[in-house]
Amino acid sequence: MASRISFSPGHVALVKEEMAAPSGRGVLVTGASGLLGRAVLAEFQKGGWRAVGTAYSRARGSLLRCDLLDEEAVRSLLNQHKPDVIVHCAAERRPDVVQRHPEAAENLNVHATGALAKEAAAAGVVFLYISTDYVFDGRRPPYGEDDAPNPLNQYGRSKLAGERETFRQCPGAVVLRVPILYGEVESVAESAVTVLWPGVQQGAAESCVLDHCQQRFPTYTGDVAAVCRNIAERSLQDASVQGIFHFSSKEQMTKYQMAVAMATAFNLPSTHLIPLTEAPPGVTRPQNAQLDCSRLQLMGLGVEPRPFSDTITSCLWPFLPDKRWRQTVFH
């Protein structure tokens with residue numbers, strides 16, 4: 001039995017969750033110290049899988065430290081744990097960082113991906129690669145799996161190259177494209193969604209200008225994790241589950257609208273939030289890369305995305321300035 005804290009404004013509760021006993025099925029989750037990887041590892045553990053998570057710079061606790069650029073170390077890891085499925089979450093996913101350090105990003109997003117896919121194919125392991133909506137230019141949404149990619153920035157190009165390397169090394173692999181993500185974070189800076197929270201909290205004392213141009217579909221990591229488990233479980237039974245899939249929330253928002261929604265969820269003022277209707281400076285991003293998720297739904301592999309207003313409160317409540325919730329939970 002595991003516990004999690006459930007929050008809604010005015011109510012905090014400790015919720016007990018049943019954990020299935022580990023089965024014979026094994027999964028290896030890379031990037032398991034990261035925003036998505038943590039959620040994916042927890043989802044498989046909840047489902048009773050033998051779940052092993054790897055990390056590198058943030059490896060701690062039960063996570064195994066593994067340099068994915070070291071092919072011999074990767075091979076040894078797979079030989080030791082013999083997973084049935086690999087979910088490859090590890091990536092450099094920050095567009096600005098990729099733009100500044102393209103070679104390092106290519107090593108992780110492309111070369112390490114190809115090496116891992118090659119080992120998966122050799123071992124007969126299901127390989128699931130997490131990709132992004134940034135493979136599209138955002139000019140003609142919504143985008144289906146067969147629409148031609150045209151990434152606008154180095155991050156999108158590196159993830160597209162990772163997709164192609166995945167299929168070159170492991171033709172039966174699965175690629176899951178997802179949009180901007182948020183979830184339970186270790187710091188608000190960990191997600192491009194939750195990083196908006198300090199600006200929301202500052203109130204009328206100081207205005208906060210936010211992008212109201214680029215259309216996004218903020219998606220909860222817990223929902224993505226559930227889709228990953230659905231794909232993994234079906235893949236072990238049905239070899240036709242391969243190729244590209246899309247998963248996304250249905251709520252279309254700019255960053256300005258996300259911030260207003262956060263303020264509303266916590267009964268905070270939002271008049272200090274100022275919409276910026278011109279494209280923000282920095283790395284070029286797609287205007288609207290909405291994903292068509294019908295293939296996932298038709299195969300019965302999707303989940304109903306949880307509402308932003310519900311999930312964002314559970315993600316942000318630990319960062320409230322008022323810590324009286326501690327007494328509610330623990331006393």
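Coordinate-derived values only; no laboratory data. These figures come from a predicted structure and were not determined experimentally. We place every Cβ from the backbone using ideal geometry, glycine too, and count neighbours over all the protein chains shown.
Database remark: amide H of residue 181 closer than 5 angstrom to the amide H of 192, 219 (H placed geometrically; neighbours at sequence offset of 5 or more, or on other chains; Pro and chain starts carry no H). Provide the net charge surrounding residue 95, with neighbours chosen by a C-beta distance below 11 Å and charges set as Lys +1, Arg +1, Asp -1, Glu -1. Result for the neighbourhood of residue 95: +4.
Legend: P(r) of the chain from all alpha carbon pair distances, 20 Å bins from 0, whole percents, reading 31, 58, 11.
Using square roots of five times the C-alpha gyration tensor eigenvalues, list the equivalent-ellipsoid semi-axes of segment 110-173 in whole Å, biggest first. Intermediate values should be presented prior to the final figure.
On the way: eigenvalues 119, 30, 11 Å².
Ellipsoid semi-axes (Å, largest first): 24, 12, 7.
Amide H contacts of residue 273: 208, each under 5 Å away and 5 or more positions distant or on a separate chain (H built 1.01 Å from N in the peptide plane; Pro and chain starts excluded).
Dipole magnitude for segment 89-231: about 300 debye, using +1 per Lys or Arg Cβ and -1 per Asp or Glu Cβ, origin at the Cα centre. Each 5 Å bin, from zero up to the one with the longest distance, holds this percent of the alpha carbon pairs of segment 191-277: 3, 13, 20, 18, 12, 9, 8, 7, 6, 3, 1, 0. With the charge dipole of the chain set up from +1 on Lys and Arg Cβ and -1 on Asp and Glu Cβ about the Cα centre, the Cα lying farthest toward the positive end among the listed residues 69, 112, 45 is that of 45.
Here the dipole of the chain is about 500 debye; that uses its Cα centre as origin and unit charges on the Cβ of Lys and Arg (positive) and Asp and Glu (negative).
Can you find, among 135, 210, 28, the residue sitting farthest towards the positive end of the charge dipole of the chain, where Lys and Arg contribute +1 and Asp and Glu -1 at Cβ? So the residue we want is 28.
Of the residues 256, 268, 181, the one whose Cα sits farthest toward the positive end of the charge dipole of the chain, with +1 on the Cβ of Lys and Arg and -1 on the Cβ of Asp and Glu, is 268.
How big is D, in µm² s⁻¹, for segment 220-326 by Stokes-Einstein at 20 °C and 1.002 mPa s if Rh is the Kirkwood radius over C-alpha pairs? Can you show the working numbers first?
Numbers: Rh = 16.9 Å.
This corresponds to a translational diffusion coefficient of 127 µm²/s.
Estimated from helical segments only, the mean residue ellipticity of the chain at 222 nm is -9500 deg cm²/dmol, where each DSSP H run of four or more residues counts as -39500 (n - 2.57). Taking the inverse of the mean 1/r over every pair of distinct Cα atoms in segment 159-200 gives a Kirkwood hydrodynamic radius of 12.7 Å.
Below 8 Å, C-alpha to C-alpha, sequence gap of six or more: please give me the relative contact order for the chain in percent. Before the final figure, lay out each step's value.
On the way: 672 pairs, mean separation 62.8, N = 331.
Relative contact order, the chain: 19 percent.
Taken over segment 83-205, the ratio of Cα radius of gyration to 2.2 N^0.38 Å equals 1.19. For the pair segment 57-88 / segment 180-254, the C-alpha centres are spaced 25 Å from each other.
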